[in-house]
Amino acid sequence: MSTTTTLTPPTDLPNAKVVEGSDGLLLEIDGQIVPNYDATVHPFQEGDVVTGRVVRIDNDEVLVDIGYKSEGVIPSNELSIRKSVDPSDEVSLGEEVDALVLTKEDQDGRLILSKKRARFEKAWRRIEAAADSGEPVEGAVIEVVKGGLIIDLGVRGFLPASLVDIRRVPNLDEYMGQAIECKVIELNRSRNNVVLSRRAVLEEQRKEDRERILDRLQPGQVVEGTISNIVDFGAFVDLDGIDGLIHISELSWSHVNHPSEILSIGDKVTVKVLDIDRQRQRISLGLKQTQEDPWQRVVDTYNVGDELEGTVTKVVTFGAFVEILDGVEGLVHISELAQHHVENPREIIQPGDPVRVKILEIDSERRRLSLSIKRVEGQVLPVRPITTPIDGEAGDLDNVPELGLSEDVFAGAEEPLPEAEAEADGGEPAAEDYDLEPSQESEPEA
């Protein structure tokens, strides 16, 4: 409110003189001292912002003393940008409020004020400054509307649903009444339009969190996280603000067709940091490295010549894979399936068949295992008609697991076949002719 004091006598009282030392509040007229009432009325114009004290609260309006000849009236619809407000919720008796002068005298001679427009003017200046500096503004969510949220900044700010969070928010109602920080991304005074983004604030915070976490992490560390997303080539783990990727090949010691076979979104996991690309802020993680390595059990438990039970997991043109422990498979070359010549491994075995095998070789360095069925004494597998096609052509090993493959798989060379069978076998390609390492499909960037 303007605080200018009238130090000169009113022009309509030419004989009046200001009493010295009264600050203009007393006048001398024809030798008499009288109050100068005009000096107590502070001058203002329509559009000015004044300060006053609430002296009365009614159902549809509020009366405010601003030092004018009459009290100012704030209609209920000029109290707040919120809709259908109760005046008692917006102001209290004796409270000082700022109000913008709408009309000095309406048709009823009343002084009409607006609290919300005074707040609007102050808020708009603050929002313009925030838009220029890039600093966030804070406001409370007052409405959930189609397509987003309305934020009370003293001005109605619109926060689109797509910019509420980094990820899609299925239920915007949960934000009702919350105070949130947003950045101003669009401002139009002529339309009183303010568009906000909370996502921009979160992304900036996330970037800082990423840098802090990356500074803390080192390859070889074992950390805990939460599965945030599952894709065909692996699973993403939230490490308190930054996502790391577990490639499908690092999920388990056994073969995994899809990450969803062993993980679900929201699962808590313990993982090992395999590699960190600090420049690109990418973290490679391993889940199987935090679990017992079944291959080590093979090395510690079994020796060449041992016989044990297994299950056929896959049949290919050059033999079959047999699982002897969870996560450990060995290769039975076609020449080690039976004493007689085998044209098609499915003549002898099918996936799921239980068999006994003898260990021919344990390659600890390359984690490969060569097995034999025909060298198990007393085991004779029946010849069966072929009813299903064989899994892939020679060399098609995209789905072959890395564990349990022997490089020297044609162990039958230790026991030469009869001449006729050897001659018949002459056209059979040796296992070395195949790339027994699993193919690594190119993966999208994490």
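The values are calculated or read from the model by the stated rules, or taken from the named source; none is laboratory data. Note that the structure is predicted; figures quoted are calculated from it, not measured. Positions of Cβ are generated from backbone atoms using ideal geometry, with glycine treated the same way; all protein chains shown enter the neighbour counts.
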Whichever residue in segment 237-265 is under 28 Å from R278 (Cα atoms) and in a helix (DSSP H, G or I) and, among such residues, is modelled with the lowest pLDDT | S249
Selected residue (only one of R206, R198, R168, R156 is at pLDDT below 85 and either within 14 Å of V137 (Cβ to Cβ) or charged (D, E, K, R) (or both)) | R206
Please find, among V271, V298, the residue that is assigned to a helix (DSSP H, G or I) and crowded, with 20+ Cβ neighbours inside 10 Å.
-> V298
Say whether the condition of being in contact (Cβ under 8 Å) with a residue 12 or more places away in the chain, more than 24 Å from the chain's Cα centre (by Cα) and outside any helix (DSSP H, G or I) is met by at least one residue in segment 123-142.
-> yes
One residue from R210, R168, R191 being within 26 Å of G286 (Cα to Cα) and either outside the structural domain of G286 (by TED's automatic domain parsing) or surrounded by fewer than 16 Cβ atoms within 10 Å (Cβ to Cβ) (or both) = R210
Among residues of segment 169-184, those that are closer than 14 Å to E135 by Cβ and under 21 Å from the mean Cα position of the chain (by Cα), counted = 3
Output for segment 314-373, where each listed residue is part of a strand (DSSP E or B), of a type outside the set (D, E) and either over 19 Å from V304 (Cβ atoms) or within 42 Å of the chain's Cα centre (by Cα) (or both) | K314, V315, V316, A320, F321, V322, I324, L325, V328, G330, P354, R368
